[in-house]
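The values are calculated or read from the model by the stated rules, or taken from the named source; none is laboratory data. Since the model is a prediction, treat every value here as computed from it, not as a measurement. For neighbour counting, all protein chains shown are included, and Cβ atoms are generated from backbone atoms with ideal geometry for every residue, glycine included. Just the protein is used for accessible areas: all its heavy atoms, side chains included, with ligands, DNA and RNA removed. Shrake-Rupley method; radii C 1.70, N 1.55, O 1.52, S 1.80 Å.
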Amino acid sequence: MTSFDRRALEAAGYLVLPGFIDLHAHLREPGFEDSETIATGTRAALRGGFTTVCAMPNTEPAIDAPGQVAELIARATAAGAARVLPVACITRGRKGKELADLVELAAAGAIAFSDDGAPVEDARLFRSALEYARAADRLVMEHPQDLALSAHGVMHEGRVSADLGLAGLPAAAEEAAIARDVALAKLSGARLHLQHVSTAGGIALVRRAKADGVRVTCEVTPHHLALTDAWVAGERAFAWEDTQGVRGPRGRGPSERSVPAMRKGWPYDAATKVNPPLRTEADVRALWEGLADGTVDAIATDHAPHASVKKDVEYDQAAFGISGLETALPLVLGGVDAGWAPLDAVIAALTTGPARVLGIPLPGGDWTVIDRAATWTVTAATLASKGKNTPLLGRELRGRVIMTVVGGDVRYEGEVRAAQTVAGSR
């Protein structure tokens with residue numbers, strides 16, 4: 001099939017949706033092309049159903065000048081895959097000392113501002129950033145983490161970290177930062193977007209801020225929706241599964257999607273090291289509840305590919321990050337199948353929700369075609385991304401993108417023989 005025929009695809013039983021928008025991806029170029037490039041990252045995005053990705057600025061050099069924004073846009077256009085929206089730095093060099101030229105960066109095409117991975121610790125400076133962003137009609141995306149509290153933590157602080165003897169990142173590090181950021185957003189009247197909220201307390205703070213009229217939005221990641229800190233210890237059950245079998249919808253009896261035998265990995269697998277860290281089951285449930293009730297605006301991958309030399313080391317020395325563009329969809333569909341949130345809420349968090357956060361319309365002519373019944377095994381060879389750093393390697397997943405259309409142009413086509421057969425028989 002070389003053209004997009006929505007009716008034929010729907011008649012074949014496929015789910016046809018608007019193209020997904022990822023608010024948070026690391027394409028690594030320039031500076032870290034051994035981990036990812038704009039070309040490989042945007043091809044991976046298409047395979048995950050994402051037609052638009054927001055590229056984070058923690059590159060080398062960091063994206064803190066108008067010329068760099070223009071260069072990023074040019075490289076993405078030349079790649080001819082997913083659309084890229086540049087996110088520029090809040091501060092020069094992401095050093096947290098002085099503001100970048102936010103108004104000029106916006107004029108050059110920056111969709112938002114973030115020092116992602118390097119939260120702005122100076123509250124006065126962050127307030128100024130919010131005020132300038134408001135003047136430029138742009139969004140500030142903040143990585144909420146109190147660095148004094150998180151110190152040298154490498155995983156969630158709790159029972160599992162104590163058992164493993166690893167330094168912990170407490171939930172309070174996220175929640176204290178959210179409280180500060182929300183207070184400053186309220187003071188400035190600016191739009192604040194909180195990246196990868198991962199704790200029950202964080203979701204509660206966002207819910208309360210929205211009720212108070214603060215212009216705050218938030219995202220959650222597929223890995224925080226599906227995995228818990230037990231994965232660092234070697235467990236390989238998704239949050240809706242348990243070590244005795246499988247939970248059914250909302251824990252009510254067994255599920256038809258059974259697990260033949262409880263999967264096990266190995267402890268200290270650096271592929272599970274991510275910031276913010278994988279949290280507890282209670283935190284995961286709170287994220288799903290936030291999706292279901294609209295507190296969570298978007299599902300964003302925080303796609304963080306790394307070359308193997310940065311991951312195949314001791315846990316406390318490994319880089320943070322999971323390669324997530326291509327596995328996002330089956331993870332969130334797993335939670336839907338378990339009854340943890342309705343499909344409509346998840347679709348909105350991948351499409352209209354991110355568009356609303358950015359203040360843009362859904363791009364016309366962007367489509368994602370999904371085979372919900374398809375199963376596939378995650379291997380290094382099946383991933384288009386250079387980053388193979390995912391604890392899902394070897395895992396069979398259900399749900400796969402078979403076609404991605406950008407601006408009416410079919411830019412990714414997978415296994416669609418069934419669609420061809422049905423379309424040809426009609």
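Rounded to the nearest 10 square angstrom, residue 147 shows an accessible area of 70 square angstrom against a 1.4 Å probe. All alpha carbon pair distances within the range 14-56 were sorted into 10 Å bins beginning at 0; the resulting P(r) in whole percents reads 30, 50, 16, 4. Calculated translational diffusion coefficient of the range 97-188 (4 °C, 1.567 mPa s; Stokes-Einstein with Kirkwood radius over alpha-carbon pairs) equals 89 µm²/s. Taking 22 Å as the straight-line reach from the Cα of residue 310, the lysines in range (excluding those fewer than 8 positions away in the same chain) are 273, 386, 388. Normalising the average separation of contacting C-alpha pairs (under 8 angstrom, six or more residues apart) by the number of residues puts the relative contact order of the chain at 20 percent. If you wrap the range 296-426 in the convex hull of its Cα atoms and look at it from every side, the mean projected area works out to 10.3 nm². When only alpha carbons of the range 39-125 are considered, Rg and Dmax amount to 13.3, 42 Å. As an equivalent ellipsoid, the range 94-149 spans semi-axes of 20, 11, 10 angstrom, where each value is the square root of five times an eigenvalue of the C-alpha gyration tensor, largest first. The charge dipole of the range 49-202, taken about its Cα centre with unit charges on the Cβ atoms of Lys, Arg (+1), Asp and Glu (-1) only, comes to about 300 debye. Between residue 70 and residue 344, the modelled labels are 4.6 nm apart [label points 7 Å from Cα along Cα→Cβ].
Length gained on full extension, residue 137 to residue 356: 77.5 nm, using 0.36 nm per residue less the C-alpha separation. Net charge dipole, the range 315-410: roughly 120 debye, given to the nearest 20, about the Cα centre with Cβ charges of +1 for Lys and Arg and -1 for Asp and Glu. Orientation-averaged projection of the range 143-214 equals 4.8 nm² [convex hull of Cα atoms, one quarter of hull surface area].
Considering every alpha-carbon pair of the range 115-251, the percent of pairs per 10 Å bin, from zero through the bin containing the longest distance, is 11, 36, 30, 17, 5, 0. For residue 211 and residue 381, the FRET efficiency from 1/(1 + (r/R0)^6), where r spans their Cβ atoms and R0 equals 51 Å, is about 0.60. The spacing between the range 270-300 and the range 99-171, judged by their C-alpha centroids, is 17 Å.
Other residues lying with their Cβ under 14 Å from the Cβ of residue 22 contribute a combined charge of -4, Lys and Arg counting +1, Asp and Glu -1. Of interest is the spacing of the C-alpha centroids, which for the range 356-384 and the range 172-210 amounts to 28 Å. Ellipsoid fit via the Cα gyration tensor, the range 317-356: semi-axes of 23, 15, 8 Å, each the root of five times an eigenvalue, largest first.
How much length is gained on full extension from residue 124 to residue 313, taking 0.36 nm per residue of separation minus their Cα-Cα distance? Let's see the in-between values first.
Values: separation 189, 0.36 × 189 = 68.04 nm, distance 3.83 nm.
Length difference between fully extended and current span is 64.2 nm.
Between the residues 108, 401, 161, the greatest Cα displacement towards the positive end of the dipole of the chain, with unit charges on the Cβ of Lys, Arg, Asp and Glu, is found for 401.
A full extension of the chain between residue 33 and residue 293 corresponds to an added length of 89.7 nm, given 0.36 nm per residue minus the alpha carbon distance. Where both bridge residues fall in the chain, DSSP classifies roughly 45% of the beta bridges as antiparallel. Spread over its residues, the convex hull of the C-alpha atoms of the range 299-341 is 92 Å³ per residue. Count Lys and Arg as plus one, Asp and Glu as minus one, and take only other residues whose Cβ is under 9 Å from that of residue 66; the net charge is then -2. The charge dipole of the chain, taken about its Cα centre with unit charges on the Cβ atoms of Lys, Arg (+1), Asp and Glu (-1) only, comes to about 800 debye. If R0 is 35 Å, the Cβ-Cβ spacing of residue 7 and residue 104 corresponds to a FRET efficiency of close to 0.15.
What is the mean projected area of the alpha carbon convex hull for the chain, to one decimal in square nanometres? Present the calculation step by step, with values, prior to reporting the outcome.
Details: hull surface 76.7 nm².
Average of the hull's projected areas for the chain equals 19.2 nm².
With r as the distance between the Cβ atoms of residue 147 and residue 183 and R0 = 25 Å, compute the FRET efficiency 1/(1 + (r/R0)^6) and round to 0.05. After rounding, the FRET efficiency stands at 0.90.
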